[in-house]
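Trainee: Once you've had a glance at the structure underneath, I'll fire off some questions.
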Amino acid sequence: MIRLENLGKSFGKFDAVREVSLEVPKGAFLVLVGPSGCGKSTMLRMLAGLETPTSGRIVFGKDTVSDGEKGWTIDPARRNVGLVFQSYALWPHMTVAGNVDWPLKVAGLGKPERRQRTDEVLRLLAIDGLAGRYPNEISGGQQQRVAIARMIAPRPGILLFDEPLSNLDAKLRVEMRTELLRVHRATGATSVYVTHDQVEAMTMASHVAVLNGGRVEQFDPPAGLVADPHTAFVATFVGTPPANLVPVSALPPMLAQDLPADASAMYRPEDLSVSTGAGATSLAFDFAEASPVAGRVMITGTREDRRLTAVVDGAPAFAVGDTAHFVLPPKPAAIFAANGERLS
Ligand SMILES: Nc1ncnc2c1ncn2[C@@H]1O[C@H](COP(=O)(O)OP(=O)(O)OP(=O)(O)O)[C@@H](O)[C@H]1O
């Protein structure tokens, strides 16, 4: 179990992480997701013991491992965590097996046990055939597997990942997601995974914390974020494609009449349709693109700095720049106040 209680981190006057409270059970796969600069890495570094919180506490199981009020933290080597970064940081002068063996040697394990554990994790990551190679003799994806094998070999109870797949190409990234989840399950550890990619978050997580400006805007399972976004930020950040947010002032008068004038209305792409002619509940946008998604078509329109997305079964053929009329449903799926809070 990992529990964060009012966790905060300030650098001078700047609050990088503010009042974060959440709890996940043992075996959870917690993803911290949010835009650049929202405080994800700072949170992970506090979990790793590389950064001392300035307020609040971090609890692993029954043990407090960092206390911001008292200003102490248990150092990384003594808190039962494994950490994998974006850069693999393998030792170039050691073989694959040597890299995996090193932390076990440092931990003082005997040779037979080290050998057995190294073989076991290399097999788990399907890189046992590469044991004798050096890092510069294997691909980026294979290096990432070695970094993960090295992390799990000492059997930490908590696995921490900082954007581990961002250096891999798109296809490999998708494969490695599945692979990482398999490793996570096989170890029985609790994982915390940092990414700015909401698709990664939504496909991998058992629990997601959406961060914005150092705060957790919502903490829920992936399906909960899409079904019931608590803030305008979450509504437009998650989902494939994310929901549309339209200021009430820009809605057709018929749809705007009962809504607060300074609010925004959320419409799901699948609730919109697209037509060549204007209607009482449609908005005119410039057709930007159409792309096939799982047997349906995703249509995107732009106008000034706004974008609207519809996912439909079929639509008239538009050319780029044509006016496309996006027909809105009678009621929005949610309404958000000007400050982003959900009203209904
Ligand atoms: N040592 C530091 N001193 C001062 N400010 C810092 C320090 N470390 C991080 N920050 C600031 O804290 C904020 C959060 O940084 P952090 O690296 O946690 O963000 P992030 O969400 O991981 O971003 P990215 O996805 O770009 O890595 C940023 O505005 C950053 O500039």
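The values are calculated or read from the model by the stated rules, or taken from the named source; none is laboratory data. What you see is a predicted model, and the numbers here were worked out from it, not measured in a lab. As a convention, Cβ positions derive from the backbone with ideal geometry for all residues, glycine included, and neighbour counts pool all protein chains shown. Surface accessibility is based on the protein's heavy atoms, side chains included, excluding ligands, DNA and RNA. Shrake-Rupley method; radii C 1.70, N 1.55, O 1.52, S 1.80 Å.
Trainee: Which whole-number percentage describes the relative contact order of the chain, with Cα contacts under 8 Å and a sequence gap of 6 or more?
Mentor: Once normalised by length, the contact order is 16 percent.
Trainee: Full-extension gain between ARG133 and GLU69, please, as 0.36 nm times their residue separation minus the C-alpha to C-alpha distance.
Mentor: 18.3 nm
Trainee: Then there's this: For region 116-171, what does the alpha-carbon gyration tensor say about shape, rounded, prolate or oblate, given a ≥ b ≥ c as the root eigenvalues, a/c under 1.5 as rounded, and a/b over b/c as prolate?
Mentor: Oblate shape, in that a/c is at least 1.5 and b/c is the bigger or equal ratio.
Trainee: With the other protein chains left in place, how much accessible area per residue, in square angstrom, belongs to the chain at a 1.4 angstrom probe?
Mentor: I get 46 Å² per residue for the chain.
Trainee: Right, here's the next one. If you average the C-alpha positions of region 271-323 and of region 70-129 separately, how far apart do those two centres end up, in angstrom?
Mentor: That distance is 51 Å.
Trainee: What ranking of HIS93, HIS325 comes out by heavy-atom accessible area, probe 1.4 Å, highest first?
Mentor: The most accessible residue leads, giving HIS93, HIS325.
Trainee: Something else: Take the chain, connect every pair of alpha-carbon atoms lying under 10 Å apart with a spring to form a Gaussian network, then pick out the residue of ARG177, ARG306, ARG115 with the largest mean-square fluctuation.
Mentor: Sorting by GNM fluctuation, first place goes to ARG306.
Trainee: Something else now. Which whole-number percent gives the relative contact order of region 6-45, counting Cα pairs below 8 Å spaced six or more residues apart?
Mentor: 33
Trainee: Once you list every other residue whose beta carbon is under 13 Å from the beta carbon of GLU175, what net charge do they have if Lys and Arg are +1 and Asp and Glu are -1?
Mentor: With Lys, Arg at +1 and Asp, Glu at -1, the net is +2.
Trainee: Same structure, new question: Give the peptides 188-196, 247-255 in descending order of average Cβ contacts within 10 Å, highest first.
Mentor: Result, highest mean first: 188-196, 247-255.
Trainee: Counting only Cα, what are the radius of gyration and maximum Cα-Cα distance Dmax of region 283-344, in Å?
Mentor: Considering region 283-344 through its Cα atoms, Rg and Dmax are 13.6, 38 Å.
Trainee: At a 1.4 Å probe, what is the % contribution of carbon and sulfur to the accessible area of the chain?
Mentor: Result for the chain: 52 percent of the exposed heavy-atom area is carbon or sulfur.
Trainee: State the Cα centre-to-centre distance between region 220-235 and region 142-186 in whole Å.
Mentor: The two parts, judged by their Cα centres, are 26 Å apart.
Trainee: Going by a ≥ b ≥ c, the root eigenvalues of the Cα gyration tensor, does region 131-280 fall in the rounded group (a/c under 1.5), the prolate group (a/b larger than b/c) or the oblate group?
Mentor: Prolate, because a/c is 1.5 or more and a/b exceeds b/c.
Trainee: A further question follows. Assign one of three labels to region 195-344, namely rounded, prolate or oblate, based on the Cα gyration tensor with a ≥ b ≥ c the square roots of its eigenvalues; rounded applies when a/c is under 1.5, prolate when it is not and a/b is larger than b/c, and oblate otherwise.
Mentor: oblate
Trainee: Could I ask something else about it? Which peptide among 338-344, 284-290 comes first, and what is the full order, when sorted by highest mean count of other Cβ atoms within 10 Å?
Mentor: Descending packing order for the listed peptides: 284-290, 338-344.
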